[in-house]
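Working notes for the structure below.
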Amino acid sequence: MGETNINSLFDLQESYIAFVNQWNNSYKLETGHIRKAFCLTMGCQMNAHDSEKLIGMLQEMGYEITQTENDADFIIYNTCCIRANAEEKVYGRLGWLKTLKKRNPNLILAICGCMVQQNEVVEKIDKTYGFVDILFGTYNLYKLPELLSERIKTSSKVRDIWTEQKEIVEEVPTVREHKFKASVNIMYGCDNFCTYCVVPYVRGRERSRRREDIIKEVEALALDGVKEVMLLGQNVNSYGKNLESPTSFAQLLRDINQIDGIERIRFMTSHPKDLSDELIYAMRDCKKVCNYLHLPMQSGSSRLLNKMNRRYTKEQYLSLVDKIRHEIPDISLSTDIIVGFPGETEKDFEETIDVVKKCGFSSAFTFIYSKRPGTPAAAMDCQIDEETAHKRFNRLLDVLNTSIHNTQETKIGKTYNVLAEKESDKAGIITGRAEDNTLIHFNGGTDLIGNTIPVKITENKTFYLIGERI
Ligand code: 5AD
Ligand code: SF4
């Protein structure tokens with residue numbers, strides 16, 4: 001991957017943006033209507049951030065963004081394939097899109113993201129859902145204006161799926177969901193090849209963005225009113241290793257900590273095997289780096305961790321948690337756990353329960369193992385039957401809920417600085433997050449959104465806390 005001239009790559013899209021914009025403009029003049037675009041995002045924060053770029057480009061092309069598919073002229077699904085149910089959801093909706101397309105033959109449909117990086121998916125869409133106009137994958141998202149122009153000019157199907165990243169394209173227009181917080185990609189791809197995971201196949205090899213480009217982006221965000229940045233990568237702890245001038249994630253945190261206007265720095269995801277002392281010290285020392293860490297354990301059984309190719313043991317995970325808590329005593333930890341990995345015995349599962357009881361997580365994402373074609377785990381013996389996996393999953397939830405409840409209980413009576421994010425479902429109740437990522441609800445008006453408010457915790461609802469402004 002060359003590092004020269006990266007920005008000019010997006011410049012090439014400008015003429016396509018202008019073309020679609022004009023096409024939409026003439027339609028508006030003729031009909032009095034503005035064409036609308038709908039974007040559905042599935043999966044992780046990386047995809048959510050990709051969709052902010054899709055929406056940014058769609059707006060530049062003159063589309064109005066709509067929240068319903070029914071009145072859309074352009075529909076795009078940004079897909080996920082980490083578990084089978086994410087894919088099934090897309091196929092389910094595609095059946096319904098067929099009726100929409102019949103009703104409105106001018107409707108343009110596009111599917112992009114992780115699912116499209118799998119050959120068998122592209123074959124299935126072409127065979128069963130041939131009415132989908134545009135397909136592209138994870139590596140060339142910035143080409144949406146070009147692909148859409150091609151579809152408009154030729155009226156034929158457009159497929160552009162790359163098998164690897166050719167370059168990192170900077171400065172794609174982005175529309176942020178919140179004015180006061182933003183996500184920033186610091187790296188793409190993953191080299192870890194955990195045996196259950198499809199990400200390395202659909203997101204490619206690890207590529208770090210240049211330090212200067214990241215700093216420049218965060219500085220611009222700060223000037224635009226952003227207070228909180230979320231640094232994104234599949235494994236941020238290995239950031240910078242392959243750059244022309246190698247650097248570390250800890251150093252990047254220290255650099256971003258210096259940027260005026262930024263008040264909070266978050267990041268995800270951290271692989272336990274790469275979490276260095278240097279990073280723990282940077283988290284401890286940098287005032288703006290939040291006292292929160294998402295540290296996926298996946299399993300508490302060293303035997304299964306080995307089969308998962310995670311490259312740490314139960315004991316190493318536990319001592320890492322101890323070390324982090326020793327340096328940053330008020331840190332909140334969250335985790336990811338997979339239940340029902342091939343060959344999981346009752347004893348393996350109990351090891352997972354044991355780690356959960358010991359770690360005092362503040363939240364957790366739990367998953368039933370899903371067989372992903374092409375991954376080593378899919379070919380392993382002793383796949384766990386659904387009933388056993390479900391039973392274990394429910395037992396895990398019981399233990400987790402008690403543990404999370406107890407962790408949250410210690411927060412009652414304390415005061416947290418909450419960045420107010422939005423009005424909750426109930427009018428007059430604002431929800432926001434403390435620095436340690438605790439979700440907090442409190443009384444207040446929408447004028448508080450985007451401000452940091454001191455809130456004293458009065459009630460523990462396990463998955464969120466209730467507090468009062470002081
Ligand atoms: N089945 C179930 N969960 C999975 N994850 C990744 N791949 C799978 C799979 N095949 C989970 C892991 C990861 C999170 C993002 O998704 O826990 O950390
Ligand atoms: Fe998947 Fe493992 Fe990479 Fe995370 S670290 S994206 S679980 S392969």
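Read the figures in this text as sums done on the coordinates, not as results from a lab. In this text, all values refer to a predicted model and were calculated from it rather than measured experimentally. So basically every Cβ, Gly included, is an ideal-geometry build from the backbone, and we count neighbours across all protein chains shown.
If you scan segment 280-307, which residues turn out to be within 16 Å of ligand 1 (Cβ to nearest atom) and either surrounded by fewer than 19 Cβ atoms within 10 Å (Cβ to Cβ) or under 17 Å from residue 232 (Cα atoms) (or both)? Spell out how you get there, then give the answer.
Applying the first criterion (within 16 Å of ligand 1 (Cβ to nearest atom)) to segment 280-307 yields 293-301, 304-305, 307.
Once the filter is applied, which keeps residues that are within 16 Å of ligand 1 (Cβ to nearest atom) and either surrounded by fewer than 19 Cβ atoms within 10 Å (Cβ to Cβ) or under 17 Å from residue 232 (Cα atoms) (or both), segment 280-307 yields 293, 294, 295, 296.
Of everything in segment 189-230, what is without any contact (Cβ under 8 Å) to a residue 60 or more places away in the chain, closer than 22 Å to residue 298 by Cα and away from ligand 1 (no atom under 12 Å from the Cβ)? Give them in sequence order.
189, 191, 205, 206
Being part of a loop (DSSP other than H, G, I, E, B) and within 16 Å of ligand 2 (Cβ to nearest atom) is the filter here; which residues of segment 153-200 pass it? Give the derivation first.
In the first step, residues of segment 153-200 are kept if they are part of a loop (DSSP other than H, G, I, E, B); the result is 155-157, 161-180, 186, 189-198.
Within segment 153-200, 165, 186, 189, 190, 191, 192, 193, 194, 195, 196, 197, 198 meet the criteria.
Count, please, the residues in segment 202-213 that happen to be within 16 Å of residue 118 (Cα to Cα), more than 9 Å from ligand 2 (Cβ to nearest atom) and in a helix (DSSP H, G or I).
Step one: list which residues in segment 202-213 are within 16 Å of residue 118 (Cα to Cα), which gives 202-205.
From the residues that got through so far, the ones that are more than 9 Å from ligand 2 (Cβ to nearest atom) too are 202, 204-205.
Imposing the further condition that a residue be in a helix (DSSP H, G or I) reduces the set to 202.
Total satisfying the criteria: 1.
Could you list, in sequence order, all residues of segment 51-68 that are part of a loop (DSSP other than H, G, I, E, B) and without any contact (Cβ under 8 Å) to a residue 40 or more places away in the chain? Give the steps one after another, and end with the answer.
Step one: filter segment 51-68 for residues part of a loop (DSSP other than H, G, I, E, B), giving 61-63, 66-68.
Matches in segment 51-68: 63, 66, 67, 68.
Considering every residue within segment 69-81, establish whether at least one is hydroxyl-bearing (Ser, Thr, Tyr) and either without any contact (Cβ under 8 Å) to a residue 12 or more places away in the chain or within 25 Å of residue 341 (Cβ to Cβ) (or both).
Yes: segment 69-81 contains one or more residues that are hydroxyl-bearing (Ser, Thr, Tyr) and either without any contact (Cβ under 8 Å) to a residue 12 or more places away in the chain or within 25 Å of residue 341 (Cβ to Cβ) (or both).
Please pick out the residue among 333, 318 that is surrounded by fewer than 19 Cβ atoms within 10 Å (Cβ to Cβ) and farther than 30 Å from residue 88 by Cβ. Steps first, please.
Details: 333 fails: surrounded by fewer than 19 Cβ atoms within 10 Å (Cβ to Cβ).
It is 318.
Tell me whether segment 176-198 contains one or more residues that are at positive phi and under 17 Å from the mean Cα position of the chain (by Cα). Talk me through it step by step, then tell me what you get.
Initially, segment 176-198 is screened for residues at positive phi, giving 189, 193.
Those still in the list that are under 17 Å from the mean Cα position of the chain (by Cα) too: 189.
Yes, there is a match, as at least one residue in segment 176-198 is at positive phi and under 17 Å from the mean Cα position of the chain (by Cα).
Considering only segment 209-247, state which residues are more than 27 Å from residue 432 (Cα to Cα), among the small types (Gly, Ala, Ser) and crowded, with 20+ Cβ neighbours inside 10 Å.
Of everything in segment 209-247, those that are more than 27 Å from residue 432 (Cα to Cα), among the small types (Gly, Ala, Ser) and crowded, with 20+ Cβ neighbours inside 10 Å turn out to be 238, 240.
Could you list all residues from segment 83-118 that are within 16 Å of ligand 2 (Cβ to nearest atom), under 17 Å from residue 51 (Cα atoms) and outside any helix (DSSP H, G or I)?
113
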